[in-house]
């Protein structure tokens with residue numbers, strides 16, 4: 001592989017990962033009903049609106065699902081895969097559109113699971129070192145993680161002020177990661193091409 005090809009693949013993977021992460025965060029923010037007046041929320045909205053606004057006429061949000069954000073996330077993942085295939089050349093062939101769409105869904109789900117994994121780690125660390133902080137980043141972490149944590153908290157009895165629900169969430173996320181990894185292998189997805197698998 002030449003230097004130009006390696007640089008191109010590096011840029012596609014990293015810039016694509018950044019764009020994909022922004023779109024997934026936008027979908028998660030909508031699902032979590034975060035405070036959109038938060039400066040970080042506004043930054044994500046400003047960065048993703050140019051791509052999402054045209055899609056909203058065809059795919060309006062319904063309830064907690066921002067259809068435009070999730071369809072765009074899958075499209076970005078598929079475009080990254082196609083760009084890698086075209087640049088990598090003979091290393092792997094481009095599959096049929098249905099398989100490519102499945103790979104895009106698996107990639108977005110993998111990124112979503114990893115996103116929640118690291119968000120929950122951040123929430124736990126913040127609860128130890130800066131409890132009660134009103135920093136915009138910390139508020140956003142709490143607002144994103146709380147809808148995931150609440151159902152698990154409801155399953156557990158009161159443990160005297162100690163919250164064991166993150167353990168259940170981490171177990172669930174690890175099970176999902178294993179399932180997605182095996183789904184990716186059975187779908188023929190080449191390893192290392194999607195983020196989070």
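The values are calculated or read from the model by the stated rules, or taken from the named source; none is laboratory data. Bear in mind that the values here come from a model prediction, so they are computed numbers and not experimental data. In this analysis, Cβ positions are derived from the backbone assuming ideal geometry, glycine residues included, and neighbour counts consider all displayed protein chains.
Quick look at the values:
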{"read-out": "Candidate set: the stretch 84-102, residues that are loosely packed, with under 13 Cβ neighbours inside 10 Å and assigned to a helix (DSSP H, G or I); chosen: the one farthest from the chain's Cα centre (by Cα)", "value": "90"}
{"read-out": "Qualifying residue in the stretch 103-110 (condition: in contact with a helix residue (DSSP H, G or I) (Cβ under 7 Å, 6 or more places away or on another chain), part of a loop (DSSP other than H, G, I, E, B) and surrounded by 13 or more Cβ atoms within 10 Å (Cβ to Cβ))", "value": "no"}
{"read-out": "Matching option when the condition is farther than 28 Å from residue 86 by Cα and surrounded by fewer than 17 Cβ atoms within 10 Å (Cβ to Cβ), among 36, 18", "value": "36"}
{"read-out": "Scan of the stretch 160-173 for residues that are within 15 Å of residue 115 (Cβ to Cβ) and either in contact (Cβ under 8 Å) with a residue 24 or more places away in the chain or outside any helix (DSSP H, G or I) (or both), ordered by number", "value": "169, 170, 173"}
{"read-out": "Subset of the stretch 90-116 (residues that are in contact (Cβ under 8 Å) with a residue 40 or more places away in the chain and farther than 19 Å from residue 19 by Cα)", "value": "92, 95, 99, 102"}
{"read-out": "Residue identified as modelled with pLDDT under 90, closer than 22 Å to residue 15 by Cα, under 20 Å from the mean Cα position of the chain (by Cα) and part of a helix (DSSP H, G or I) among 72, 81", "value": "81"}
{"read-out": "Verdict on residue 44 being over 13 Å from residue 112 (Cβ atoms), under 15 Å from the mean Cα position of the chain (by Cα) and modelled with pLDDT of 95 or more", "value": "yes"}
{"read-out": "Among residues of the stretch 38-69, those that are farther than 11 Å from residue 27 by Cα and either touching a residue at least 12 places away in the same chain (Cβ under 8 Å) or in a helix (DSSP H, G or I) (or both), counted", "value": "16"}
{"read-out": "Selection from the stretch 124-159 of residues that are assigned to a loop (DSSP other than H, G, I, E, B) and surrounded by 11 or more Cβ atoms within 10 Å (Cβ to Cβ)", "value": "130, 133, 135, 156"}
